[in-house]
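Right, one structure below, let's go through it.
The values are calculated or read from the model by the stated rules, or taken from the named source; none is laboratory data. Here the structure is a predicted model, which is why all the values come from computation and not from measurement. All Cβ positions, glycine included, derive from the backbone under ideal geometry; neighbour counts span all protein chains shown. All accessible areas refer to the heavy atoms of the entire protein, side chains included, with ligands and DNA or RNA removed. Shrake-Rupley method; radii C 1.70, N 1.55, O 1.52, S 1.80 Å.
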Amino acid sequence: MPLRAGRRKKAEAALASAAKPGIFWVPEMNALVVKDLHVTIAGQEIVRGLSLVVPRGEVHAIMGPNGSGKSTLAKVMAGHPDYEITAGKIAMDDQDLLELEPDERARLGLFLAFQYPSEVPGVTIANFLRAAVQARLPDGEELEATDFYARLYEKMELLGMDRSFTSRAVNEGFSGGEKKRTEILQLAMLEPKYAVLDETDSGLDIDALKTVAHGVNSLRGPDIGILLITHYQRILNYIVPDHVHVMVQGRIVRSGGKELALELEERGYDWARDGAAEPAFTR
Amino acid sequence: MKTNTKAVDINRGIGDFAYPERHVRDAGIGLSEKTVHYISDVKEDPDWVREFRLRGLKTFLEKPLPTHWASKDLEAIDFDKIRYYLAPGTAPSRSWDEVPEDIKRTFERLGIPEQERKFLAGVEAQFDSEAVYSNIKKAVGEQGVIFVGSTEGLKNHPEIFRKWFGKVIPIGDNKFSALNSAVFSGGSFIYVPPGVKVKHPLQAYFRINAENFGQFERTLIIADEGSEVTYMEGCTAPKFITVQNWSSNVFNLVTKRGLAHEDAEVKWIDCNIGSRLTMKYPGVIMKGRKARGEVFSIALANDGQHQDTGAKMIHAADETTSNIISKSISIGKGRATYRGLVHVPKHLKHCKNNTECDALLINSTSRTDTYPAITVRGTGNAVQHEASVSQVSSEQIFYMQQRGLTEAQAMSLSVNGFVNDLVRQFPMEYSVELKRLIELEMEGSVG
């Protein structure tokens, strides 16, 4: 139910009454919802009134120029402690996330594929993932090692990763492509309800991009909502989104179908920025 | 002569539990000749051991506290307020069934359940200063290996142990070795006959369960020609939840030294977690040609703790090689100090030393120092020293939390990663234990 430009107010009203059935019903019970979010760091406002709904089963792309606040949005959703949220809300399946620690959000089913993943020296990918999978099990339940490795190898094959990778320390000495692949491997293993992919395409050559896209596409389905954050249209040729949003200066300025990405590629962010005076909004 | 001696030690300030003390023998508070005689009487020491103790006491009273490098913190020890000897009323027992129930419970809390014994070739566990549980697997005994408490060793095997007793670490080595000589009780005496290779590590667990109580064990391991043995010991001081950092009242002052004859290898694996101040520098004197010495050490200094650890490598023959790998972790206001001594005199040829020390700082208030003292004279000897300091970044913790790990789990996994390449070379049961201890320590320090 995409809304046309100029209907933002009504859409916001819909969000406000989202739980109630009606014309503007938004399925919050099955969506990642950001509502009128304002975020500052060191006194500077980076996200300025951003609203977004990513229902489960859909792939949404956020496109935006450098400095538009895309990565800040991703980190804030995951609960990065450096940012201050001055207004707004973030909810996942109707559960308020803002009061939760990053690990609580993760265990509830939120995954962030980092633009710049950290190294974890001395901790192998296998051990790291085992700890992460174990953390999702109920108290007292032990992870079955053989099942774990069977799944791990299956996912690695999907991503064209050699098995020897499992004994390498997480991201230590990895190339850019290896890091991104490792992020997607973790996504595949942890089976989140919602995944935010922050510039997963950056620094990838075309072959690596295809492999990563293949990995993401194979995870698509009714049980996962994906938010794809990117600077370039290129990745959207391989991971075709259901909806595209353009983010400029901390706000969504245009929303549309997958064709919006192509239009943006053609006309540039200045065109989108010009439209910011009359912002678009959609679910 | 070819011997291979590995020694393993773990010192743990973990264990938030304590059971009623049931000591029958108590030498009282403070130290005098009377105390020494009391201990000798109780232990039915031979006369030469009693004399050894008295000489130890005299040296202890004469020697000043070490001042050239020791921490000021040492002055906080009030030697008049320490109980020098405590023992439950039971004699050392060999079967698990004979171990008193409350002590069994303590061992269970420590994670040394009965089923774990199958891993252990022999377990000689000590509750306070007396061995209460001693179970040496038949096989070890059949090989002629002697694995006993110090009292029994001196009493029943003087022909083996007397020759070396007090030789590697003499009474006058330092003030604390003199104190130990005066009041020692407990500890292990091990003799491995020529050519015997003890497959499984020999283990001794013991604990401190009374406040203001010094544990003065003395361990002597003799690995005869062509033999191999690994010895493991652990020490847990109880921590009451209501009294914060009870185990941080413990001073851990230990002298550990190995003497390696020709072609022999002595390896120390030393881990220090907990206690207010640890000063421990396992050493190897490489006395015979081609002897090798190795020290792997891990220290974890939490808030209010100072781990002053390191290694001493004394090269005393040609073609001797030594290797030191030290890893320290400082948490909160914890402080880890590496102090290393490498000594190669002028007349020696083809000696080698490698030293690596890595420090990990968890918080901005954490502290680490490195004091390597390397003296290499002559030509044709080689040493190398590498040191690094790293920090767990908040980005790394956030990354790990995003995967579902709590902050404490993320910290402990990071710390385990930091020590991982070293721990991999440890005996399996030891690395598992160490991992669990790091987890416990990190849980307590976060949040």
task: For chain A, calculate the relative contact order in percent as a whole number, restricting contacts to Cα pairs under 8 Å that are 6 or more residues apart.
output: 28 percent
query: Kirkwood Rh over Cα pairs of region A:145-246 into Stokes-Einstein at 20 °C, 1.002 mPa s: D in µm²/s?
result: 151 µm²/s
Solvent-accessible area per residue for chain A (1.4 angstrom probe, square angstrom): 44 Å²
message: Explain nothing, just the number: dipole magnitude of region A:85-185 about its Cα centre with +1 on each Lys and Arg Cβ and -1 on each Asp and Glu Cβ, in debye rounded to the nearest 20.
response: 480 debye
- request: Could you look at region B:269-380 and say what percent of its accessible area is carbon and sulfur, using a 1.4 Å probe and all protein chains?
  value: 50 percent
message: Going by average Cβ density within 10 Å per residue, which order do the peptides B:370-383, A:161-174, B:338-351, B:409-422 take, highest to lowest?
response: B:409-422, B:338-351, A:161-174, B:370-383
- request: Return the residues of region A:115-131 for which accessible area with all protein chains present is lower than in the chain on its own by 50 Å² or more; set the probe to 1.4 Å and exclude ligands, DNA and RNA.
  value: A:SER118, A:PHE128
- line: Given Cβ charges of +1 for Lys and Arg and -1 for Asp and Glu, the option among A:ILE125, A:VAL34, A:ALA169 whose Cα lies farthest towards the positive end of the dipole of chain A is A:VAL34
message: Tell me which of A:MET92, A:LEU158, A:TYR232 sits at the most positive position along the dipole axis of region A:8-277, charges placed on C-beta atoms (Lys, Arg +1; Asp, Glu -1).
response: A:TYR232
- prompt: If contacts are Cα pairs under 8 angstrom and at least 6 residues apart, what is the relative contact order of region B:311-447 in percent?
  reply: 22 percent
- prompt: Using every alpha carbon pair in region A:8-277, what percent of pairs falls into each 10 Å bin from 0 up to the bin containing the largest distance?
  reply: 7, 29, 36, 21, 7, 1
- line: Carbon plus sulfur, as percent of the 1.4 Å-probe accessible area of region A:8-277, comes to 47 percent
- prompt: Any idea what the dipole of chain A comes to, in debye rounded to 20, about its Cα centre with Lys/Arg Cβ at +1 and Asp/Glu Cβ at -1?
  reply: 920 debye
message: Ordering A:GLU144, A:GLU266, B:GLU228 by accessible area with a probe of 1.4 Å, largest first, what comes out?
response: A:GLU266, A:GLU144, B:GLU228
statement: Sorted by chain and number, the residues with a modelled amide H under 5 Å from that of A:MET247, at a separation of 5 or more or across chains, are A:MET63, A:GLY64, A:VAL253
task: Could you pull out the pairs from B:LYS72/B:LYS167; B:LYS327/B:LYS349; B:LYS312/B:LYS333; B:LYS199/B:LYS312; B:LYS287/B:LYS352; B:LYS267/B:LYS346 whose alpha carbons sit more than 18 Å apart here?
output: B:LYS72/B:LYS167; B:LYS327/B:LYS349; B:LYS312/B:LYS333; B:LYS199/B:LYS312; B:LYS267/B:LYS346
- request: Treat each spin label as a single point 7 Å out from the Cα along the C-beta direction, and report the B:ASP421 to B:PHE79 distance in nm.
  value: 4.4 nm
statement: Contact-by-burial set, region B:368-408, min loss 50 Å², accessible area of protein heavy atoms with 1.4 Å probe, reference chain alone, gives B:GLU395, B:GLN396, B:PHE398, B:TYR399, B:GLN401, B:GLN402, B:ARG403, B:GLY404, B:LEU405
- prompt: 222 nm [θ] for chain A, helices only, -39500 (n - 2.57) per DSSP H run of 4+, per residue, to 500?
  reply: -10000 deg cm²/dmol
query: To the nearest 100 Å², how much accessible surface do chains A and B hide from each other in total, with a 1.4 Å probe?
result: 2000 Å²
